[in-house]
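First up is the structure itself, then whatever we jot down about it.
The values are calculated or read from the model by the stated rules, or taken from the named source; none is laboratory data. It should be emphasised that the depicted structure is a prediction, and the values quoted were computed from it without experimental measurement. Counting neighbours? That spans all protein chains shown, and the Cβs are built from the backbone with ideal geometry, glycine included. To get the accessible areas, we keep the full protein, side chains included, count just its heavy atoms, and leave off ligands, DNA and RNA. Shrake-Rupley method; radii C 1.70, N 1.55, O 1.52, S 1.80 Å.
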Amino acid sequence: MLSISGKEFLFWKKKQLSKGGDFQSFVVLIDCVGGISESDLNLLMINPDDNLFLKKNLDYLESIWEDHLLNSSPIQYLCGETFWRDLKLKVNDKVLIPRSETELIVDIVLKIFGKKSKKLFFAELGTGSGAISIALALANPFWNGIATDIDQDALDIATKNYKYNSKQSNLRFYCGHWWNPLEAYKGKLDLAISNPPYIPKKTYEKLSKEVKNFEPKIALLGGTDGLKHIREIIQKAPFYLKKRGWLILENHFDQGEKVKQLFIENKFTSVEIVNDLSGIGRFTIGRYK
Ligand SMILES: C[S@@+](CC[C@H](N)C(=O)[O-])C[C@H]1O[C@@H](n2cnc3c(N)ncnc32)[C@H](O)[C@@H]1O
């Protein structure tokens, strides 16, 4: 640990932020690599005469910050970690950086099932870093889940994240195409969740460098109209869900009505579009008959 005066650190912080970048990315850098949490930083603003203890020196932190600014590399990949809800998750370029809007999926599940409901068997299709499944598995130790992904490298990260964040054993990880790894659980799921790749091809081409050049294409691209994977997941869901089981999907900002229609065409009831915190119809939910 390197001791540094609060005033020196605050001066350095101001200099780094004046070069560009956003404060949240800076917080990821100083917490995940520097070992200074956002609350430490807030305390320092009140008591700038305090000393700080850094895991890495300022030159090293500055080199990461400059790489981030110069090459548009996501700070989370450079630091190897990110924050999501109350979790700290390892990430690399094999997994999508979990987005804050996706955090609401966990609240939707908690609202439908209640935190105390004893038994719940859920599956998440396309788990990436494992964020959603790990949050659900931690929400209730009596719930059991299976998290799947087509990419074994992503599942390796998700498994590490589960072990790092939990001492429980109520989540398993299977590799394969959407529902395929769940053959043995046909008709047994109370809940299936997915934040599948849903970006339409033309939109994908126009994504920012930070996303397009670094995040996995397989995690983002949803075919010509963006609905290729969503369609397949909805069409096959009735084979895997219990009667009255729930399906919860995240979709692109303008896909809500189309996804709702797909739910209805496939005989789902109680179909609803749920807004994210910006008022965008980001999620579609329904139950199978
Ligand atoms: C939008 S990311 C979501 C990741 C994570 N659940 C989250 O919310 O941050 C979509 C995930 O689906 C996975 N995926 C893509 N195609 C798939 C397929 N055919 N079968 C299973 N998973 C797939 C990707 O590897 C990626 O991890």
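Worth a mention:
- Residues of the stretch 1-31 satisfying the condition of being within 27 Å of PRO74 (Cβ to Cβ) and either basic (Lys, Arg) or in contact with a Ser or Thr (Cβ under 8 Å, 6 or more places away or on another chain) (or both): LYS13, LYS14, LYS15, LYS19, VAL28, ASP31
- Filtered residues of the stretch 92-133 (kept if of a type in the set (D, E, K, R), within 7 Å of the ligand (Cβ to nearest atom) and either open to solvent by 50 Å² or more (accessible area, probe 1.4 Å) or over 23 Å from ILE234 (Cβ atoms) (or both)): ARG99
- Residue in the stretch 260-267 that is β-branched (Val, Ile, Thr), over 23 Å from the mean Cα position of the chain (by Cα), more than 21 Å from LEU96 (Cβ to Cβ) and surrounded by fewer than 21 Cβ atoms within 10 Å (Cβ to Cβ) present: yes
- Residues satisfying the stated conditions in the stretch 146-190, i.e. part of a strand (DSSP E or B), within 11 Å of the ligand (Cβ to nearest atom) and in contact (Cβ under 8 Å) with a residue 40 or more places away in the chain: none
- Only one of the numbered conditions (1) open to solvent by 20 Å² or more (accessible area, probe 1.4 Å); (2) within 11 Å of the ligand (Cβ to nearest atom); (3) in a loop (DSSP other than H, G, I, E, B) is not met by ASP225, and that is (2).
- In the stretch 247-278, the residues that are within 14 Å of ASP225 (Cα to Cα) and of a type in the set (Val, Ile, Thr): VAL259
- Note on the stretch 268-278: among residues that are touching a residue at least 12 places away in the same chain (Cβ under 8 Å) and assigned to a strand (DSSP E or B), the one that is most open to solvent (accessible area, probe 1.4 Å) is GLU272.
- The residues on offer are LEU249, LEU241, and the sole one that is away from the ligand (no atom under 16 Å from the Cβ) and in contact (Cβ under 8 Å) with a residue 40 or more places away in the chain is LEU241.
- Residue count, the stretch 228-257 (criterion: open to solvent by 20 Å² or more (accessible area, probe 1.4 Å), more than 17 Å from the chain's Cα centre (by Cα) and of a type outside the set (S, T, N, Q)): 13
- Set side by side, the residues VAL27, VAL95 differ, and just one is assigned to a loop (DSSP other than H, G, I, E, B) and β-branched (Val, Ile, Thr), which is VAL95.
- Residue that is farthest from ILE132 (Cα to Cα) [pool: residues in the stretch 67-91 that are more than 16 Å from the ligand (Cβ to nearest atom) and of a type in the set (Ser, Thr, Tyr)]: SER72
- Criterion applied to PHE26, PHE53, PHE9 was being of a type in the set (Phe, Trp, Tyr) and within 18 Å of GLY80 (Cα to Cα), and the one residue passing it is PHE26.
- Matching residues in the stretch 73-91 - criterion: being assigned to a loop (DSSP other than H, G, I, E, B) and surrounded by fewer than 16 Cβ atoms within 10 Å (Cβ to Cβ): GLY80, ASP86
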